[in-house]
Amino acid sequence: MPDAVPTDALVSLRGVSKHFGEGEARVDALRDVTLEINAGEVVGLLGPSGSGKSTLLNAIGCIVEPNEGWIALDGEVVFDNRWQRNDLRRLRLEKIGFIFQSHNLLPFLNCVDNVALVLHLAGRPKGEAQHRAIELLDYLQVGHRRQAMPAQLSGGEAQRVAIARALANRPRIILADEPTAALDSERAGIVMDLLRKLAREQEAAIIAVTHDEKIIGRLDRICRLRDGRLVSTTENRAGPRSETTT
Amino acid sequence: MNLAFRDIRHKLGRFVLTCLGLSLLLGVVVTMAGIYRGQTADALALVRSIGADIWVVQADSHGPFAESSRIPGDTREMIARIGGVLEAGSITLQTVQIGRDGRRLRLQVVGFEPGRPGGPVNMVEGRPITRSHYEMIADRQTGLSLGDKVDFGRRAYTVVGLTQGSVTLSGDSVVYMTLKDAQDLQFDLTPPETRREFARGSQRTNTDIVNAVVARISPNIPAEAIAADVRRWKHLSVLSAGQQEAILVTTVIERARRQLGLFMGVLTVVSAVIIALIVYTMTMEKLREIATLKLIGAPDRTIIGLIVQQALLMGVVGFITGSTLVALARDRFPRRVVMDPGDLVILFGVVVVVCLLASALGVRVAVRVDPARALVG
Ligand SMILES: Nc1ncnc2c1ncn2[C@@H]1O[C@H](COP(=O)(O)OP(=O)(O)OP(=O)(O)O)[C@@H](O)[C@H]1O
Ligand SMILES: [Mg+2]
């Protein structure tokens with residue numbers, strides 16, 4: 001077991017590299033990425049297609065195992081140079097909420113149950129899970145569609161149900177891969193405002209991959225990737241922008 | 001929240017259709033097993049309906065069912081005099097076709113001596129034969145009812161009693177009449193030349209021929225002792241009831257039985273392969289959902305439960321529906337279908353094991369699914 005975590009950051013990556021394939025077919029999706037994200041922050045990952053944004057997000061979400069480096073989430077080391085925790089699924093259930101462009105709702109459960117399922121898996125009693133699921137759907141303004149099956153929802157409604165599910169267990173880390181791509185700009189703004197509000201209220205870190213220039217103004221920090229390298233980090237918090245280039 | 005059940009409810013029509021298909025397939029397997037049992041039961045039905053302890057037949061013959069056997073009509077008196085024999089009766093057997101309501105009815109005619117062994121022990125309606133001529137007892141399978149008149153040769157016979165379950169090993173219905181009637185009938189049906197011979201005055205010496213003598217023996221005397229006594233007459237041999245049944249099952253229907261058994265085995269394997277394919281396909285179709293479950297942090301137990309429960313439910317519903325269909329349609333089969341509870345239990349066990357093995361195959365794939373797969377388009 002690696003040593004205690006020497007950082008206060010909620011998400012912490014040091015020298016993370018990931019390649020796919022070997023030899024001729026080798027693709028370096030991430031090269032030596034070091035990044036810290038604090039509670040309450042909304043961070044955007046930007047970069048051209050194939051630059052490694054999704055791979056970075058998946059590495060943080062413990063879906064992709066890096067080849068090298070060190071990753072800690074909320075005070076727990078999850079990866080340290082080839083060593084990987086073996087209770088990643090519990091970690092995902094308790095600490096991480098995923099929001100994806102394809103909403104990944106389970107097609108055979110209605111909206112409430114899609115949300116209630118993750119609460120249920122985390123050991124909440126049935127009634128409480130249902131209650132909280134309905135509360136969350138109401139909060140995201142899809143409460144009226146709670147009995148609908150995912151196939152009957154519009155893109156924006158499904159997206160909001162998926163967000164409700166991502167938030168259900170009050171995760172401290174929310175990972176979103178192009179969360180607003182399916183939404184019109186007005187809805188996209190609403191979703192981003194909501195995520196910002198959550199970050200503040202729940203002391204959560206939000207990391208969102210986006211191509212969408214319209215929502216950049218709503219991010220606290222922008223990390224740009226190119227060919228697997230983190231090439232710049234732009235603070236967006238207050239007043240004039242300060243740009244640091246690595 | 002039971003995911004297996006929810007998923008089925010979501011695609012109910014498809015699940016019902018799959019179960020229906022499977023139930024028809026398993027129904028065929030159940031039917032095969034039933035026909036297999038039915039054939040054995042049919043082979044023994046006639047022997048058992050006569051209910052004799054020993055069968056005295058022509059020397060070196062395994063008659064009267066497996067081989068032909070002809071012995072003199074006075075044999076019965078000799079047998080009856082042997083110590084330990086309680087009662088004995090002569091029987092004749094012949095196959096007759098008669099026309100009835102425009103269709104041909106194939107019958108096994110058993111001639112017996114009323115009041116002596118050889119008559120049916122499985123009567124369910126009517127009365128035994130009391131007159132010495134022109135009365136008969138028929139099996140229900142013939143479709144005849146009490147009081148019906150049936151033409152045999154030049155005579156009409158009245159049905160006075162009905163039996164249940166008397167059939168020959170080829171599935172023909174059995175009717176019983178007095179020995180005398182049966183012998184006359186045999187004569188009536190002999191070729192015209194022979195009859196012409198008799199008409200010219202040659203003696204009917206050979207009409208008092210029977211096919212076997214059946215006897216009931218005292219429970220205190222071993223059948224073997226009596227058999228030894230009988231064998232001293234060189235023209236006779238003796239079969240115990242057990243031997244008679246063994247001959248029928250092991251020699252007469254052996255090939256048919258093996259054929260059916262083989263076919264049943266092949267069908268069971270085919271069903272197993274089909275169940276495995278269905279379960280595997282069901283899993284493969286759910287890979288995205290399985291990946292999503294992993295992504296949101298569901299443990300393997302949840303995913304395994306989903307697959308195994310669906311496979312088992314499908315197998316159990318298919319088996320029960322299939323067996324029920326066969327049970328309902330059983331009487332419409334041209335030959336007897338015996339649903340042996342032991343067979344059903346074994347088949348059910350096979351179905352459950354196959355479902356479990358097939359889901360193990362699916363589970364193997366499912367636990368290896370990369371959660372990242374949920375993210376692909
Ligand atoms: N499972 C994989 N196997 C092989 N190569 C992969 C795999 N996943 C990603 N890659 C490669 O790694 C590189 C980075 O991919 P990634 O999906 O992170 O890009 P991205 O920045 O998210 O692009 P986009 O904006 O198009 O979504 C790409 O060249 C991609 O082809
Ligand atoms: Mg991507």
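The values are calculated or read from the model by the stated rules, or taken from the named source; none is laboratory data. Treat the numbers as computed from the prediction; the structure is a model and nothing was measured. All Cβ positions, even for glycine, are placed from backbone atoms using ideal geometry, and neighbour counts span all protein chains on display. Side chains included, ligands, DNA and RNA excluded: accessible areas come from the protein's heavy atoms. Shrake-Rupley method; radii C 1.70, N 1.55, O 1.52, S 1.80 Å.
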- Would you mention how many residues in the range A:203-219 are open to solvent by less than 10 Å² (accessible area, probe 1.4 Å) and assigned to a loop (DSSP other than H, G, I, E, B)? 3
- Task: Considering each residue of the range A:35-55, count those that are under 25 Å from A:T7 (Cβ atoms), within 7 Å of ligand 1 (Cβ to nearest atom) and in contact with a Lys or Arg (Cβ under 9 Å, 6 or more places away or on another chain), and give that number.
- Result: 3
- Query: What number of residues within the range B:65-93 are among the acidic types (D, E) and either open to solvent by less than 10 Å² (accessible area, probe 1.4 Å) or in contact (Cβ under 8 Å) with a residue 60 or more places away in the chain (or both)?
  - Reply: 2
- Does B:R14 satisfy the condition of being open to solvent by 50 Å² or more (accessible area, probe 1.4 Å), in contact with a Ser or Thr (Cβ under 9 Å, 6 or more places away or on another chain) and among the charged types (D, E, K, R)? no
- Task: Kindly check whether there is at least one residue in the range B:304-318 that is open to solvent by less than 30 Å² (accessible area, probe 1.4 Å), among the β-branched types (V, I, T) and at pLDDT 90 or above.
- Result: yes
- Query: Could you list, in sequence order, the residues of the range A:167-202 that are away from ligand 1 (no atom under 16 Å from the Cβ), within 12 Å of the chain's Cα centre (by Cα) and open to solvent by less than 10 Å² (accessible area, probe 1.4 Å)?
  - Reply: A:L167, A:P171, A:I173, A:I174, A:L195, A:A199
- Note on the structure: Counting only residues that are assigned to a helix (DSSP H, G or I) and within 14 Å of another protein chain (Cβ to nearest Cβ), the range B:1-54 contains a total of 12
- Query: Considering A:L117, A:L105, which residue is touching a residue at least 60 places away in the same chain (Cβ under 8 Å), within 23 Å of B:H10 (Cβ to Cβ) and buried (at least 19 other Cβ atoms within 10 Å of the Cβ)?
  - Reply: A:L105
- Going by the structure shown, is A:R132 among the basic types (K, R) and either assigned to a loop (DSSP other than H, G, I, E, B) or more than 11 Å from every other protein chain (Cβ to nearest Cβ) (or both)? yes
- Could you list, in sequence order, the residues of the range A:107-129 that are facing chain B (nearest Cβ under 7 Å), out of contact with any Lys or Arg (no Cβ under 8 Å at 6 or more places or on another chain) and part of a loop (DSSP other than H, G, I, E, B)? A:P107
- Query: Under 9 Å by Cβ, and 6 or more places apart or on different chains, what pairs join a residue from the range B:361-377 that is farther than 15 Å from A:C62 by Cβ with one that is modelled with pLDDT of 75 or more and among the acidic types (D, E)?
  - Reply: B:V363/B:D300; B:A366/B:D300; B:V367/B:D300
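For every residue, the table says whether it meets (1) at pLDDT below 85; (2) assigned to a loop (DSSP other than H, G, I, E, B); (3) surrounded by 13 or more Cβ atoms within 10 Å (Cβ to Cβ).
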{"position": "B:T95", "(1), (2), (3)": "no, no, no"}
{"position": "B:L107", "(1), (2), (3)": "no, no, yes"}
{"position": "B:P114", "(1), (2), (3)": "no, yes, yes"}
{"position": "B:R131", "(1), (2), (3)": "yes, yes, no"}
{"position": "B:I137", "(1), (2), (3)": "no, no, yes"}
- Task: Go through the range B:144-167 residue by residue and tally those that are over 15 Å from B:G126 (Cβ atoms) and open to solvent by 10 Å² or more (accessible area, probe 1.4 Å).
- Result: 6
- Complete set of residues in the range A:181-224 that are more than 16 Å from ligand 2 (Cβ to nearest atom) and hydroxyl-bearing (S, T, Y): A:S185
- Report the residue count in the range A:61-94 for those that are within 13 Å of chain B (Cβ to nearest Cβ), open to solvent by less than 30 Å² (accessible area, probe 1.4 Å) and not small (G, A, S). 7
- Task: Consider B:V338 carefully, then state whether it is assigned by TED's automatic domain parsing to the domain that holds B:T31 and either more than 16 Å from ligand 1 (Cβ to nearest atom) or closer than 18 Å to B:L24 by Cβ (or both).
- Result: yes
- Which one is nearest to ligand 1 (Cβ to nearest atom) among residues in the range A:56-77 that are of a type in the set (V, I, T) and part of a loop (DSSP other than H, G, I, E, B)? A:V64
- What tally of residues in the range A:19-51 results from selecting those that are open to solvent by less than 30 Å² (accessible area, probe 1.4 Å) and either more than 14 Å from chain B (Cβ to nearest Cβ) or away from ligand 2 (no atom under 12 Å from the Cβ) (or both)? 13
- Message: Condition first: of a type in the set (A, V, I, L, M) and within 30 Å of A:T55 (Cα to Cα). Can you find one or more residues in the range B:332-353 that meet it?
- Response: no
- Which listed residue is within 30 Å of A:A151 (Cα to Cα) and among the aliphatic types (A, V, I, L, M), from B:L25, B:L3: B:L3
- Name the single residue, out of those in the range A:9-18 being part of a strand (DSSP E or B) and away from ligand 1 (no atom under 13 Å from the Cβ), that is most open to solvent (accessible area, probe 1.4 Å). A:R14
